[in-house]
1. List the lysines whose alpha-carbon lies under 29 Å from that of A:LYS76, not counting same-chain residues fewer than 8 positions away?
2. With Rg and the Kirkwood Rh both taken from Cα atoms, where does Rg over Rh land for the protein assembly as shown?
3. How much of the accessible area of the range B:13-110, probe 1.4 Å, is carbon plus sulfur, in whole percent?
4. At a cut-off of 10 Å², which residues of the range A:43-63 become less accessible once all protein chains are present than in their chain alone, using a 1.4 Å probe?
5. Semi-axes, largest first, in whole Å: what does sqrt of 5 times each Cα gyration tensor eigenvalue give for the range A:1-45?
6. Going by Cβ distance under 4.7 Å, what cysteines of chain A have no possible disulfide partner?
7. Where the accessible area of chain A is counted over protein heavy atoms with a 1.4 Å probe, how much of it, in %, is carbon and sulfur?
8. Over the Cα atoms of the range B:51-96, what is the Rg over Rh ratio if Rh follows Kirkwood?
Amino acid sequence: QVRLMESGGGVVQSGRSLRLSCAASGFTFRSYAMHWVRQAPGKGLECVAFLSYDGTQKYYADSAQGRFTISRDNSKNRLYLEMNSLRPEDTAVYYCARDRNTGYGGGAFDLWGQGTMVTV
Amino acid sequence: QSVLTQPPSVSAAPGQKVTISCSGSSANIGINSVSWYRQLPGTAPKLLIYDNNKRPSGIPDRFSGSKSGTSATLDITGLQTGDEADYYCGTWDSSLRGGVFGGGTKLTVL
């Protein structure tokens with residue numbers, strides 16, 4: 001079954017850290033670029049971070065730059081988001097999403113996890 | 001404020017057609033493919049349209065997309081009450097080198 005499943009969300013105090021994890025299954029994870037997308041309560045979607053299939057190309061939204069780190073372990077089929085110096089405005093549901101294009105992304109987000117809630 | 005601009009809401013009667021617009025710039029829609037997503041309350045977004053006008057397997061042909069210049073549109077025909085949801089456009093921004101979304105459009109089926 002093709003699937004993404006996030007974990008690691010929770011309630012954290014302002015200034016603290018949290019690490020989100022996304023477990024992929026049912027497809028060749030190492031071939032796909034991946035994204036973290038968040039949605040604050042009652043708000044729209046925001047691309048937070050992007051990582052190419054091989055980890056060589058990254059993108060961070062301005063809101064995440066310098067505080068968040070995206071990484072992946074292709075041997076474990078997992079994507080991560082390390083979030084430091086958390087702020088109340090980081091409160092959101094965080095989704096991992098697969099890029100439809102293999103390699104270096106730039107395509108549609110064709111597979112989404114169910115999301116994990118982070119409350120700061 | 002979102003990089004892509006969508007109307008906050010649209011509405012139409014069951015069976016009718018609705019069009020949702022998405023406006024961007026030469027750095028995003030102008031040179032990259034557009035995708036559309038539907039999000040039902042409390043659920044993750046779902047891909048409806050990719051590469052401007054292609055539908056993933058399982059998406060009915062009531063949903064269609066198009067792009068012209070720096071704008072794109074999503075058309076939904078034969079509206080059903082189950083189509084009530086938030087709809088988002090998305091694309092790649094070559095200047096930012098990351099994905100961008102519109103602010104979302106809430107569809108109400110009267």
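The values are calculated or read from the model by the stated rules, or taken from the named source; none is laboratory data. As the structure is a prediction and not an experimental result, all values here were calculated from the model. A quick note on method: Cβ atoms are made from the backbone with ideal geometry, for glycine too, and the neighbour counts reach across all protein chains shown. Just the protein is used for accessible areas: all its heavy atoms, side chains included, with ligands, DNA and RNA removed. Shrake-Rupley method; radii C 1.70, N 1.55, O 1.52, S 1.80 Å.
1. Within the straight-line limit of under 29 Å, A:LYS76 reaches these lysines: A:LYS58, B:LYS46.
2. Rg/Rh: 0.96.
3. Numbers: 1970 of 4240 Å².
Whole-percent figure for carbon plus sulfur exposure: 46.
4. A:GLY44, A:LEU45, A:CYS47, A:PHE50, A:TYR59
5. For the range A:1-45, the ellipsoid semi-axes come out as 25, 14, 10 Å.
6. A:CYS47, each lacking another Cys Cβ under 4.7 Å.
7. On the way: 2280 of 5350 Å².
Here it works out to 43 percent.
8. On the way: Rg = 12.5 Å, Rh = 12.4 Å.
Over the Cα atoms of the range B:51-96, Rg/Rh equals 1.01.
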